[in-house]
Amino acid sequence: MGFFDGFLGSTDVFVRAIGQTLFIVSIAMVVSGLVGLVMGVALYATRPGNLFANRLVFGVLGLLVNVIRPIPFVIFLLAVGPLQSLVVGTTIGTEAVTFAIAIAAGFAVARIVEQSLVGVDPGVVEAARAMGASRAAILFGVVVREGLGPLVLGYTFIFVGIVDMSAQAGLVGGGGLGDYAIQYGSQRYDWGVVYAALVAIVAIVVLGQFLGNRLARAVMRR
């Protein structure tokens, strides 16, 4: 047994835990990002007096986001169990946890997208209307384009939240670094393992924030 095996408990297990965390975060980020983008754009567009104003759609989407978004993730993870069983076939494991995170994060993304688009200068929208642009062209060619910088920053924030949720999922055997820290660290009183998991999670978050901030600056300078 080498030095790192002694410190980490098992290098192979540690590397596998990192891989599981990256898998969970990547899939959940893509799915929640797309689903949240659709819901967020719909929330913005259907607001009263907006491009595609529709009180019913806006009210239903707003209610869903307001109800689900504030639920603590650990409780949400337990509550979504029946849906996990129906869709994934199980309530434990990496796939089940990824499914739950994608749902929870999707509603958070929706609100961030809506707020980013609401912040777009109304004068830009009015100018596009005066030029005869269609509502769809204004929505996707003007509003979404103008809100791209804040959207990237918002997605960076969601990335950090998803990493946090992936760690919490270790409490229910969801795999990843959270599970690794619990099974091989705290339950065995091996604090070296706990700190190794902590350092790995922080490194993932810092890298994600760095890339997100760089991308946001590049978009805003366009």
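Computed values, structure above
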item	result
Which of Pro72, Tyr195, Val124, positive extreme of dipole for the chain (C-beta unit charges)	Val124
Two-decimal Rg to Rh for the chain - Kirkwood Rh, Cα set	1.07
Relative frequency of Cα-Cα separations exceeding 20 Å in segment 9-82, percent	54
Point-charge dipole on Cβ atoms (K/R +1, D/E -1) for the chain, about Cα centre, debye to 20	780
Å² of accessible area per residue within segment 132-222, as computed with a 1.4 Å probe and no ligands counted	53
Percent carbon-and-sulfur accessible area, segment 1-106, ignoring ligands, DNA and RNA, probe 1.4 Å	73
Helix-only mean residue ellipticity at 222 nm for the chain, each DSSP H run of n ≥ 4 adding -39500 (n - 2.57), per residue, nearest 500	-24500 deg cm²/dmol
At R0 = 30 Å, FRET efficiency that the Cβ-Cβ distance of Val57 and Leu215 yields, to 0.05	0.45
Sequence ranges 166-179, 75-88, ranked by mean other-Cβ count within 10 angstrom, highest first	166-179, 75-88
Prolate/oblate/rounded label for segment 1-129 (Cα gyration tensor, a/c 1.5)	prolate
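The values are calculated or read from the model by the stated rules, or taken from the named source; none is laboratory data. All figures in this text were calculated on a predicted structure; none of them were measured in a lab. In this analysis, Cβ positions are derived from the backbone assuming ideal geometry, glycine residues included, and neighbour counts consider all displayed protein chains. These area figures cover heavy atoms from the full protein model, side chains too; ligands, DNA and RNA do not enter into them. Shrake-Rupley method; radii C 1.70, N 1.55, O 1.52, S 1.80 Å.
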